[in-house]
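Peer 1: I have a structure here, written as C-alpha cells, and I will follow up with some questions on it.
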Amino acid sequence: MNNLNKSMFLSAVLAILALPVVAQSTDAPAPAATPAPVTSQEIQGRKDRQQDRIANGVKSGELTAGETTNLENKEGDINHEEKDMRKLDDGHLTTADKATLNQQQNQVSKDIYADKHNANVQNKDPHSEYGARAERQQGRIAQGVQSGQLTAGEAAHLENNEAKINQEVRTDRAANGGKLTSQERAQVNRQQNKESKQIYKDKHNDHTRTK
C-alpha cells in the first residue's frame with residue numbers, strides 16, 4: 001500500500017472512531033437550570049388555587065366533611081405561618097419564607113388531589129341547604145383571599161370555623177345514618193349564619209393582606 005492510500009485509510013479509520021464521541025457529546029443532558037425564586041404573586045396564586053380546588057371539591061361532593069376539615073386546617077396553619085413570617089419582616093416575605101410556603105402548598109396540593117380522587121365521597125344531597133351554603137361560604141372566603149380583603153390571620157380563623165362546622169355535620173350524620181335531623185339542621189344553619197356575618201365583617205374592615 002503506497003503512502004497516499006495509507007493516509008486515506010488512516011483518515012477514514014479516525015473519522016469512524018470519532019463518531020461515538022460526537023454522538024455522546026450530542027446526547028449529553030443539558031445542565032440543570034437553577035429554578036427561579038418564588039415570588040409573592042406565586043405564593044398568593046397558589047393560595048387562591050388551593051382554596052378554589054377545595055371549594056370545587058365541596059361542591060362536587062368529592063371531598064367529605066372530614067377531608068374538608070383536614071384540608072382547611074392545613075390551609076389555616078399555612079396562613080398562620082405566613083402571618084408570623086410577615087410580622088418578623090415588616091409585612092414582607094423573605095426568599096426563604098416564600099420557598100418554605102411554596103413547599104408546604106405543594107404538599108397540600110397533593111393532599112387535595114388524593115382526597116378528591118379516592119373512593120370517599122360526601123354523604124349528602126349536594127342541593128341541600130347545608131351543601132349549598134357550605135359551597136357559598138367557601139367561595140366567599142376564596143374570593144376574599146384572592147382580592148386581599150382577608151388577611152392571612154382572618155382567612156385562617158374563618159377556615160377553622162368552617163372546619164368545625166364540617167366536623168359537627170360529619171359527627172351528626174354518623175350518628176343518624178348519614179342524615180341530619182331537623183334540630184341538627186337548624187343548629188348548623190345558625191352556625192353558618194354566624195360564619196356568614198363574620199366573613200362579611202372581616203372582608204369589610206380596615207385590615208387587608210400585605211402582598
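Values quoted throughout were computed directly from the atomic coordinates according to the rules given, and no laboratory measurement underlies them. In this text the structure is predicted, and so the values were computed from the model without any measurement. Please note: Cβ atoms are built from the backbone with ideal geometry, for glycine as well, and neighbour counts cover all protein chains shown.
Peer 1: Mind ranking 131-144, 186-199 by how tightly packed they are, going by the mean number of other C-beta atoms within 10 angstrom, highest first?
Peer 2: On the way: 131-144: 19.5, 186-199: 15.0.
Result, highest mean Cβ count within 10 Å first: 131-144, 186-199.
Peer 1: In whole Å and largest first, what semi-axes does the C-alpha gyration tensor of segment 40-203 yield when each eigenvalue is scaled by 5 and square-rooted? Mind showing how you got there, number by number?
Peer 2: Details: eigenvalues 167, 60, 28 Å².
Taking √(5λ) for each eigenvalue gives 29, 17, 12 Å, largest first.
Peer 1: Using 0.36 nm per residue of separation minus the Cα-Cα distance, give me the extension gain between residue 174 and residue 114 in nm, one decimal. Provide the component values of the computation, followed by the final result.
Peer 2: On the way: separation 60, 0.36 × 60 = 21.60 nm, distance 2.27 nm.
Extra length available between residue 174 and residue 114 comes to 19.3 nm.
Peer 1: Report the extension gain between residue 207 and residue 182 in nm, rounded to one decimal, defined as 0.36 nm multiplied by the number of residues separating them, less their alpha carbon distance. Walk me through the numbers before you get to the answer.
Peer 2: On the way: separation 25, 0.36 × 25 = 9.00 nm, distance 3.78 nm.
Extending this stretch completely gives an extra 5.2 nm.
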